[in-house]
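K.L.:
Quick one: this structure, given as structure tokens, is what I'll be asking you about.
The values are calculated or read from the model by the stated rules, or taken from the named source; none is laboratory data. Since we're looking at a predicted model, the values are computed, not measured. Please note: Cβ atoms are built from the backbone with ideal geometry, for glycine as well, and neighbour counts cover all protein chains shown. Only protein heavy atoms, including side chains, enter the accessible area calculation; ligands, DNA and RNA are left aside. Shrake-Rupley method; radii C 1.70, N 1.55, O 1.52, S 1.80 Å.
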Amino acid sequence: MFELLQAELGVALRDYVGRETPLYLASRLTDHYKNSKGEGPLIYLKREDLNHGGSHKINNAIAQAMLAKRMHRKTVVAATGAGQHGVATAAACAKLGLDCTILMGNVDMERQSSNVLLMKQLGAQVKPVEGTFKDATSEAIRTWVGDLDNSYYLAGTAVGPHPCPNMVREFQSVIGKETRKQALEKWGGKPDIIVACVGSGSNALGIFHEFLRDEDVRLIGVEAAGNGLESGNHSATLAKGEVGVYHGAMSYLLQDDEGQIIVPHSIGIGLEYPGVSPELSFLKDMGRAEFYTVTDEEALDAYTLLCGLEGIVPALEAAHALAYLGKLCPTLPSGSKVVVNCSGRGDKDVATVLQYNKNKLPN
Ligand SMILES: *Cc1c(COP(=O)(O)O)cnc(C)c1O
């Protein structure tokens with residue numbers, strides 16, 4: 001049974017999702033970060049933006065939808081923030097003939113309206129929930145628990161009750177496995193550094209997991225500092241959170257002195273979650289991965305930079321990982337190989353970024 005699932009999943013990842021995704025040498029971005037002597041690291045992008053649906057979310061959504069079908073569940077329930085997981089889940093359910101209900105915060109539905117239309121077109125029922133992603137997640141879990149025989153809760157990221165974090169990480173680990181193989185083909189070695197944005201941890205763990213035991217590979221997660229770490233208006237859970245329990249898991253958590261959740265903020269809406277993967281929390285504690293933050297402004301500028309230099313429109317979430325290159329590159333030996341996980345594409349964010357660039361004062 002497990003082998004059958006693996007075989008079916010392998011075919012779907014290849015012919016439906018479009019894997020493997022390229023490991024792309026971003027040569028003009030590489031040139032951009034060279035110093036005056038022409039030295040700098042080589043920057044490669046793992047092109048998860050080229051997946052069906054426009055992000056890494058489909059790797060996990062299609063696999064779990066196959067599980068739901070094997071478990072004879074009729075309805076799939078999922079929560080989405082920026083809408084990428086909603087689109088991926090709606091597509092997977094249409095392909096497999098499952099009913100699909102997507103819960104989404106009413107605030108997010110306004111901010112990412114193009115994805116709401118896509119989900120509906122793909123046959124999903126989109127139900128608004130007062131609030132944002134964390135509220136939609138609570139409601140999705142509640143809906144699932146209310147009808148355990150017929151419904152399946154399809155977790156979109158590496159948080160929530162066990163075994164959700166494990167399953168999601170396992171299904172996303174295809175990103176790192178491909179990266180290892182492609183690095184070997186391209187330069188006969190491993191990446192020196194892997195950089196990924198951290199919302200809740202699925203794209204980061206997806207590319208990190210394969211390399212956890214390779215101590216010579218630096219793993220860097222980039223969180224959203226929003227309006228600034230001291231503003232109180234951010235999603236930097238690993239930087240600023242304290243250990244707590246939320247949605248059935250223990251991790252770092254944005255909470256006040258009384259244990260009440262602090263509402264997270266980021267321009268990358270898919271990064272807005274007050275908790276974070278328990279596994280990433282552990283990697284922070286044991287020192288295996290490093291974590292840094294970039295602000296909304298830095299991410300918005302990185303978005304425009306990649307558009308202009310490579311003709312690639314990254315998701316604002318992924319732009320957080322790209323934005324950290326500005327600080328990272330000057331510290332690296334020339335010729336280091338840096339792989340950035342380009343977790344998704346940014347069509348959904350074009351209006352936000354155009355507005356930001358229009359309002360920006362010329363300096
Ligand atoms: C959902 C999403 C993220 C954030 O989620 P993680 O679980 O931290 O990966 C990042 N990038 C894109 C494109 C997303 O859709």
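K.L.:
For the chain, which cysteines have no second Cys with its Cβ under 4.7 Å from theirs?
P.N.:
Unpaired cysteines in the chain: C164, C197, C307, C329, C342.
K.L.:
Here's something else I'd like to know. Please give the helix 133-145 orientation as an angle from the longest Cα principal axis of the chain, in degrees from 0 to 90, rounded to the nearest 10.
P.N.:
The angle comes out near 30 degrees.
K.L.:
Could you run the Karplus curve 6.51 cos²θ - 1.76 cosθ + 1.60 with θ = phi - 60° over region 284-292 and give me ³J(HN,Hα) per residue in whole Hz, x for Gly and Pro?
P.N.:
Result, rounded to whole Hz: 5, 4, 7, x, 6, 10, 9, 10, 9.
K.L.:
Quote the charge dipole size of the chain about the Cα centre in Debye, to the nearest 20; the model charges only the Cβ of Lys and Arg (+1) and of Asp and Glu (-1).
P.N.:
1020
K.L.:
Something else now. Can you send over the carbon and sulfur percentage of the accessible area for region 1-134, probe radius 1.4 Å, protein chains only?
P.N.:
Its accessible area is 55 percent carbon and sulfur atoms.
K.L.:
Quick check for me: using +1 on Lys/Arg Cβ and -1 on Asp/Glu Cβ, what's the dipole size of region 124-195 about its Cα centre, in debye to the nearest 20?
P.N.:
Computed charge dipole of region 124-195: roughly 400 debye.
K.L.:
Calculate, for region 55-117, the solvent-accessible area per residue in square angstrom, rolling a 1.4 angstrom probe over the heavy atoms of the protein chains.
P.N.:
30
K.L.:
Okay, next question. Which residue, V145, V222, V126, tops the fluctuation ranking in a GNM of the chain built on C-alpha contacts under 10 Å?
P.N.:
Among V145, V222, V126, the largest mean-square fluctuation in the Gaussian network model of the chain belongs to V145.
K.L.:
For V126, enumerate residues with amide H under 5 Å from its amide H, sequence gap 5+ or separate chain, H modeled in the peptide plane.
P.N.:
Those qualifying (amide H under 5 Å, at least 5 residues apart or on another chain) are I102.
K.L.:
Residue by residue, what Karplus-based ³J(HN,Hα) values in Hz, rounded to whole numbers, does region 336-343 have, using 6.51, -1.76 and 1.60 with θ = phi - 60° and x for Gly and Pro?
P.N.:
Residue by residue, region 336-343 yields 4, 9, 10, 10, 9, 6, 8, 5 Hz.
K.L.:
What distance in nm lies between label points placed 7 Å from Cα along the C-beta direction at M286 and R213?
P.N.:
In this crude label model, M286 to R213 measures out at 1.2 nm.
K.L.:
Say each of S138 and E39 gets a label point 7 Å from the Cα, pointing the same way as Cα to Cβ; how far apart are those two points in nm?
P.N.:
Taking the two extended label points, one gets 5.3 nm.
K.L.:
Simple spin-label model, 7 Å along Cα-to-Cβ: D149 to Q260 in nm?
P.N.:
About 4.0 nm, to one decimal.
K.L.:
Hey, how many Å between the Cα centroid of region 95-151 and the Cα centroid of region 19-37?
P.N.:
So the separation of the two Cα centres works out to 37 Å.
K.L.:
Working from Cα positions, state the angle (0 to 90°, nearest 10) between the long axis of helix 57-70 and the longest principal axis of the chain.
P.N.:
Long axis of 57-70 versus the principal axis of the chain: about 20 degrees.
K.L.:
Residues of region 181-260: accessible area per residue at 1.4 Å, in Å²?
P.N.:
42
K.L.:
With axes computed from alpha carbons, what is the tilt in degrees of helix 296-310 against the longest principal axis of the chain, rounded to the nearest 10 within 0 to 90?
P.N.:
Result, in degrees: 70.
K.L.:
Ordering D349, D99, D147 by accessible area with a probe of 1.4 Å, largest first, what comes out?
P.N.:
Largest to smallest exposure gives the sequence D99, D147, D349.
K.L.:
Run the dipole for region 117-163 about the Cα centre, Lys and Arg Cβ at +1, Asp and Glu Cβ at -1, nothing else charged, and hand back the magnitude in debye, nearest 20.
P.N.:
Approximately 160 debye in magnitude.
K.L.:
Which order do the peptides 159-170, 325-336 take when ranked by the mean count of other beta-carbon atoms within 10 Å per residue, highest first?
P.N.:
So the order, starting with the most tightly packed, is 159-170, 325-336.
K.L.:
Taking the highest mean first, how do the peptides 46-59, 294-307 order by number of other beta carbon atoms within 10 angstrom per residue?
P.N.:
My ranking of the peptides, most packed first, is 46-59, 294-307.
K.L.:
Can you tell me the convex hull volume per residue for the chain, based on C-alpha atoms, in Å³ to the nearest whole number?
P.N.:
Considering the Cα atoms of the chain, their hull volume per residue is 135 Å³.
K.L.:
Right, another one. Relative to 2.2 N^0.38 Å, what does the C-alpha radius of gyration of region 213-267 come to as a ratio? Two decimals please.
P.N.:
Compared with the compact-globule rule of thumb, region 213-267 sits at 1.31.
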